[in-house]
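A.B. asks: The structure follows.
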Amino acid sequence: MSTEATPHAKPIYNVKNPFIATVKTAYDISGPGAPKNTRHYELDLAGSGLEYIPGDSLAVQPANDPALVADTLAALGLTGDEIVKHAKNGADVPLRQTLIEANSLTEVDTKLVKAIVEKTGGASPLAAFIAPEAKDELKKYLWGRFVIDLLLENPTAKFEAQEFVSLLKKLNIRLYSISSSLKANPEEVHLTVATVKYTSHGRERGGVASTFLAERVTLNETRIPIFVNAGKGFRLPDPSEDVPVIFCGPGTGIAPFRAFLQERKVTNAKGKAWLFFGEVSEKTCFFYKDEFEGYLADGTLSKLTTAWSRDQAEKIYVQHKMLEHSAELYAWLEQGAIFYVCGDASRMAGDVDKALHTIIEKEGGKTPEEAIAYMAALKEAKRYRRDVY
Ligand SMILES: Cc1cc2nc3c(=O)[nH]c(=O)nc-3n(C[C@H](O)[C@H](O)[C@H](O)COP(=O)(O)OP(=O)(O)OC[C@H]3O[C@@H](n4cnc5c(N)ncnc54)[C@H](O)[C@@H]3O)c2cc1C
Ligand SMILES: NC(=O)c1ccc[n+]([C@@H]2O[C@H](COP(=O)([O-])OP(=O)(O)OC[C@H]3O[C@@H](n4cnc5c(N)ncnc54)[C@H](OP(=O)(O)O)[C@@H]3O)[C@@H](O)[C@H]2O)c1
């Protein structure tokens with residue numbers, strides 16, 4: 001039997017077999033003075049055969065901050081050279097390595113909480129939270145706390161290296177909406193990432209993956225395990241179909257729509273396209289301004305509507321702009337438009353949903369119940385597509 005790979009077989013990358021990419025280009029797309037940092041990344045896929053479609057997201061395996069690992073080791077009273085099993089591949093490695101590559105130091109496992117309570121003879125404040133009915137209280141207590149906080153707050157709890165590793169969660173991949181079209185950028189994948197930074201319990205913190213990308217990646221050098229996560233229903237219509245599309249992507253929600261617009265340009269897509277983009281300020285946060293204005297000029301984009309939330313006294317969000325353009329937006333829906341929304345799930349997506357109901361009631365002369373039915377029909381026809389997180 002031949003052991004040779006099937007010619008033309010496409011490589012399959014997944015969590016167990018990621019492609020190891022490097023970043024070839026990275027820059028800020030938020031300007032100086034922006035309240036938060038947002039960056040554009042271009043990863044090199046040369047030779048990988050890795051393929052994606054606009055609407056897919058990219059799974060990125062981050063590494064922990066070595067400074068946080070060093071502080072955690074100091075709190076444990078361990079050197080990091082102790083040999084333990086790597087939390088993901090089981091190989092014998094120095095403790096420091098598994099803490100950087102494979103264990104979460106920013107999310108606390110209940111196993112660790114219980115072990116600390118045991119080792120401190122119940123004297124720890126954590127003792128109040130280990131009963132199953134105190135689950136919500138424990139969650140609240142742990143909000144904004146890393147593993148190191150628990151170690152520093154409970155200095156009498158001592159751990160052997162392997163024992164400590166067994167009490168940690170695994171360091172998981174993070175998903176990012178792909179912000180490029182492969183047809184427009186062969187052998188590249190682009191991401192648009194907000195760098196998560198905050199202060200809690202007196203310590204400056206960084207989101208694991210977003211600060212790894214922003215602060216600890218050396219261009220063309222740092223090896224980043226990645227694979228594609230298929231975007232299920234988040235897809236453009238066939239370019240030959242004359243279907244209008246409406247994209248609503250405030251903040252990093254813009255990512256898949258940059259990919260969609262690049263794809264529309266390359267494929268000379270037929271239907272008209274309308275983009276709603278919102279950020280805090282036109283001056284500091286008009287991400288991809290030149291590119292989008294170019295699409296307006298060449299007809300890839302028919303309409304661009306922006307909402308700058310902090311450029312005036314009152315908040316202006318994408319849904320306010322949708323309501324301002326309600327007659328035209330409803331007309332597009334009546335012409336068969338697909339409405340796409342991407343970005344914040346906690347507030348924005350719900351508010352945009354409400355705005356759609358209002359527009360349908362107002363412009364379609366419908367009762368709230370009829371508007372609900374209209375929206376249900378949109379969903380059923382896959383003309384209301386959400387990618388929210
Ligand atoms: C399908 C999908 C697509 C996505 N696409 C994008 C994208 O295109 N661009 C993008 O930037 N992100 C995107 N995300 C979000 C992304 O996956 C990560 O969640 C994000 O980058 C944060 O990851 P991190 O590792 O940097 O932060 P983490 O280490 O995961 O830290 C975030 C956690 O920190 C804690 N935290 C945050 N702020 C505070 C605070 N003030 N006080 C206390 N605790 C706090 C919270 O527990 C929060 O969950 C997407 C998510 C999904 C599911
Ligand atoms: N899991 C995580 O750790 C993580 C990390 C990164 C992002 N996220 C999620 O992803 C979201 C996107 O973050 P982002 O950095 O891309 O930008 P964002 O925080 O969503 O902000 C983008 C724009 O949306 C505005 N906005 C705020 N509330 C809104 C609402 N209810 N409706 C419409 N617009 C609203 C913001 O205005 P103002 O700020 O002026 O109010 C800003 O102008 C975050 O809000 C968060 O939920 C999660």
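A.B. asks: Check whether at least one residue in segment 140-160 is part of a helix (DSSP H, G or I), modelled with pLDDT of 95 or more, within 16 Å of ligand 2 (Cβ to nearest atom) and surrounded by 13 or more Cβ atoms within 10 Å (Cβ to Cβ), and report yes or no.
C.D. replies: yes
A.B. asks: Against the definition (over 16 Å from A327 (Cα atoms) and either in contact with a Cys (Cβ under 8 Å, 6 or more places away or on another chain) or part of a loop (DSSP other than H, G, I, E, B) (or both)), how does K366 come out, yes or no?
C.D. replies: It is false that K366 is over 16 Å from A327 (Cα atoms) and either in contact with a Cys (Cβ under 8 Å, 6 or more places away or on another chain) or part of a loop (DSSP other than H, G, I, E, B) (or both).
A.B. asks: Let me ask something else about it. Please pick out the residue among K183, K197 that is within 16 Å of the chain's Cα centre (by Cα), surrounded by fewer than 22 Cβ atoms within 10 Å (Cβ to Cβ) and not polar (S, T, N, Q).
C.D. replies: K197
A.B. asks: Among Q312, Q319, which is assigned by TED's automatic domain parsing to the domain that holds V266 and crowded, with 19+ Cβ neighbours inside 10 Å?
C.D. replies: Answer to the selection: Q319.
A.B. asks: Name the single residue that is farthest from G271 (Cα to Cα) among those in segment 337-356 being within 13 Å of ligand 1 (Cβ to nearest atom) and touching a strand residue (DSSP E or B) at 6+ places or on another chain (Cβ under 6 Å).
C.D. replies: A345
A.B. asks: Okay, moving on. Mind counting the residues in segment 322-332 that are more than 21 Å from R347 (Cα to Cα) and either among the hydroxyl-bearing types (S, T, Y) or not assigned by TED's automatic domain parsing to the domain that holds L356 (or both)?
C.D. replies: Residues that pass the stated criteria total 1.
A.B. asks: Check K321, K354, K289 and return the single one that is under 24 Å from L182 (Cβ atoms) and of a type in the set (K, R).
C.D. replies: It is K289.
A.B. asks: Among the candidates D387, D344, single out the residue that is within 21 Å of the chain's Cα centre (by Cα), within 21 Å of P244 (Cα to Cα) and either buried (at least 19 other Cβ atoms within 10 Å of the Cβ) or in the same structural domain as R258 (by TED's automatic domain parsing) (or both).
C.D. replies: Selected residue: D387, the only one of D387, D344 that is within 21 Å of the chain's Cα centre (by Cα), within 21 Å of P244 (Cα to Cα) and either buried (at least 19 other Cβ atoms within 10 Å of the Cβ) or in the same structural domain as R258 (by TED's automatic domain parsing) (or both).
A.B. asks: Taking the stated definitions as given, is K24 modelled with pLDDT of 95 or more and surrounded by fewer than 16 Cβ atoms within 10 Å (Cβ to Cβ)?
C.D. replies: Against the criterion (modelled with pLDDT of 95 or more and surrounded by fewer than 16 Cβ atoms within 10 Å (Cβ to Cβ)), K24 qualifies.
A.B. asks: Looking at segment 204-220, is at least one residue within 16 Å of ligand 1 (Cβ to nearest atom), touching a helix residue (DSSP H, G or I) at 6+ places or on another chain (Cβ under 8 Å) and farther than 21 Å from S30 by Cα?
C.D. replies: no
A.B. asks: So, one more: Name, by its number, the condition in (1) among the aliphatic types (A, V, I, L, M); (2) in contact (Cβ under 8 Å) with a residue 40 or more places away in the chain; (3) loosely packed, with under 14 Cβ neighbours inside 10 Å that does not hold for A67.
C.D. replies: Failing condition for A67: (2).
A.B. asks: Restricting attention to segment 239-269, which residues are outside any helix (DSSP H, G or I) and either in contact with a helix residue (DSSP H, G or I) (Cβ under 9 Å, 6 or more places away or on another chain) or within 16 Å of ligand 1 (Cβ to nearest atom) (or both)?
C.D. replies: The answer is P239, S240, P244, V245, I246, F247, C248, G249, P250, A269.
A.B. asks: What's the number of the only condition in (1) within 31 Å of the chain's Cα centre (by Cα); (2) without any contact (Cβ under 8 Å) to a residue 12 or more places away in the chain; (3) at positive phi that G144 fails to meet?
C.D. replies: (2)
A.B. asks: Considering only residues that are crowded, with 20+ Cβ neighbours inside 10 Å and within 16 Å of ligand 2 (Cβ to nearest atom), which ones fall in segment 322-341?
C.D. replies: Correct list: M322, L329, F339, Y340, V341.
A.B. asks: Taking M375, is it more than 16 Å from ligand 1 (Cβ to nearest atom), assigned to a helix (DSSP H, G or I), outside the structural domain of P35 (by TED's automatic domain parsing) and free of Cβ contacts under 8 Å to residues at least 24 places away in the same chain?
C.D. replies: Here the answer is yes, as M375 does meet what is asked.
A.B. asks: Among the residues of segment 179-203, how many are more than 15 Å from T252 (Cβ to Cβ), assigned to a loop (DSSP other than H, G, I, E, B) and within 10 Å of ligand 1 (Cβ to nearest atom)?
C.D. replies: Qualifying residue count, segment 179-203: 1.
A.B. asks: Which of (1) over 20 Å from I12 (Cβ atoms); (2) out of contact with any Gly (no Cβ under 9 Å at 6 or more places or on another chain) is the odd one out, the single condition L58 does not satisfy?
C.D. replies: Of (1) over 20 Å from I12 (Cβ atoms); (2) out of contact with any Gly (no Cβ under 9 Å at 6 or more places or on another chain), only one is false for L58: (1).
The values are calculated or read from the model by the stated rules, or taken from the named source; none is laboratory data. These numbers come from a predicted model, not from an experiment. Backbone-built Cβ (ideal geometry, glycine too); neighbour counts: all protein chains shown.
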